[in-house]
Each structure stands twice: as structure tokens, then as C-alpha cells.
Amino acid sequence: MRAVRRLSRPTRTTWAWRPGNEPTWVAGRTSPMRREGCDAVRDLERQRTYDAETRAFEGTLVEAPLTFAEVLELSETVTATPWWRRHGVPVTFVRGKGTAIHSHFDRANGRITLTEVQQTPATVAHELAHAASDDGHGPRFRGAHCELVHGLCGAGPARSLRAEYMAEGLDVADLEHDGLPDPPVLARHPRFGP
């Protein structure tokens with residue numbers, strides 16, 4: 001019997017293809033580098049970045065599912081900030097098609113596509129960090145990711161993420177925090193706030 005080959009961007013629940021091409025859900029985060037046509041040399045730190053994210057966020061509110069309207073609300077709050085005007089590019093969020101198996105940022109058209117199962121604050125911050133950096137999953141991405149997690153979810157999750165990046169031996173660029181929402185966006189959200 002062949003092992004399950006995971007095909008998606010990291011998420012706690014992801015698509016996998018079993019023998020016979022039957023889609024099924026499997027738990028865990030895996031590297032999209034295992035997908036066919038993905039260049040393994042292109043982004044060497046991707047899997048270690050995903051591993052750090054998993055340890056930092058798994059089982060927390062940062063992984064709580066959101067509606068698409070909530071995703072838009074979170075992203076609009078962040079992209080309207082002075083920090084975003086300095087670091088980010090204009091972005092549009094779209095829903096993934098029924099066959100989409102991973103969320104991603106397309107720099108060519110400024111579009112962030114989110115699958116339904118990946119509509120979480122963690123994925124929103126991850127994809128926005130791609131729009132605020134241009135180094136794959138490198139140090140500038142990780143710095144932007146930590147700052148966006150801080151602006152969306154608070155200092156605690158951001159510290160946890162930075163610590164996990166450091167535990168993986170990954171560099172994190174220092175970006176100023178000025179201009180991001182304070183208090184964090186989720187602290188003001190009726191589902192997550194006080």
C-alpha cells in the first residue's frame with residue numbers, strides 16, 4: 001500500500017490524494033514542494049517556516065476558522081495602515097475554486113486566493129506577509145509575518161512565532177512595528193475580543 005502524498009500548502013486540515021485519485025482530508029502541514037512541478041531549490045526554507053508556524057499556532061485562536069467576510073474585514077483593517085503603505089502592495093482576496101487545494105499570493109495580479117479550510121488569521125497573516133516581502137519564505141517574509149501576526153492577533157502569538165523561527169535556526173528581519181493596528185484587530189473582533 002502506498003503512503004498518502006500530501007499536496008497542499010500548510011494547514012491543519014489539507015487535501016491529499018490516495019491511490020485511485022480519491023481526494024481525502026488529512027491532518028498536518030506539509031510542504032507544497034512535494035507537489036509536482038514545484039522547484040525544490042527555489043525556496044529552501046519553506047518547510048522549516050511551515051514547521052515553525054505549526055508549533056507556534058496549532059490549537060490557538062490564530063488557527064480559528066473565519067468566514068470570508070471576516071477575512072476581508074481583517075485584511076482591510078491591516079492594508080489601510082501606514083505600515084502596509086510602507087511595506088505592502090495592493091491586494092485583493094478571492095475564494096479558492098472548488099478544486100483549489102492550497103492558498104497562495106499571486107504577485108503578478110496582487111491576488112490572494114484562500115481555500116475555505118484555510119480561512120484563518122494564521123493564513124491571512126502568512127499570505128499578507130508574502131505581499132509585504134519579495135523573498136519567498138526568507139528573513140524579510142518572516143519579519144513581515146511576525147509584524148502582521150502582532151497587528152492581527154497580538155504580541156503573544158507574534159512572540160511565539162518569532163521564537164519558533166529562531167528555534168528552527170531561521171533569521172527574522174527586523175521591521176518597525178509603527179503603524180499597525182493597536183490593539184490587535186482580533187482583540188476588537190466580537191468573536192475573539194473581550
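The distance between label points at R55 and R95 comes to 3.7 nm (points 7 Å beyond Cα on the Cα→Cβ vector).
Within the accessible surface of region 49-121, defined with a 1.4 Å probe on protein heavy atoms only, the carbon and sulfur portion equals 55 percent. Counted residue by residue at 0.36 nm each, then reduced by the alpha carbon distance between them, the extension gain from R85 to F68 reaches 3.8 nm. Could you calculate the FRET efficiency of E176 with D135 from 1/(1 + (r/R0)^6), where r is the beta carbon distance between them and R0 is 22 Å, rounded to 0.05? Plugging the Cβ-Cβ distance into 1/(1 + (r/R0)^6) gives 0.80.
The values are calculated or read from the model by the stated rules, or taken from the named source; none is laboratory data. Note that the structure is a prediction, hence the values are computed from the model and not measured. Neighbour counts are summed over all protein chains in view; Cβ atoms, including those assigned to glycine, are modelled from backbone coordinates with ideal geometry. Ligands, DNA and RNA are excluded from the accessible area calculation, which covers all protein heavy atoms including side chains. Shrake-Rupley method; radii C 1.70, N 1.55, O 1.52, S 1.80 Å.
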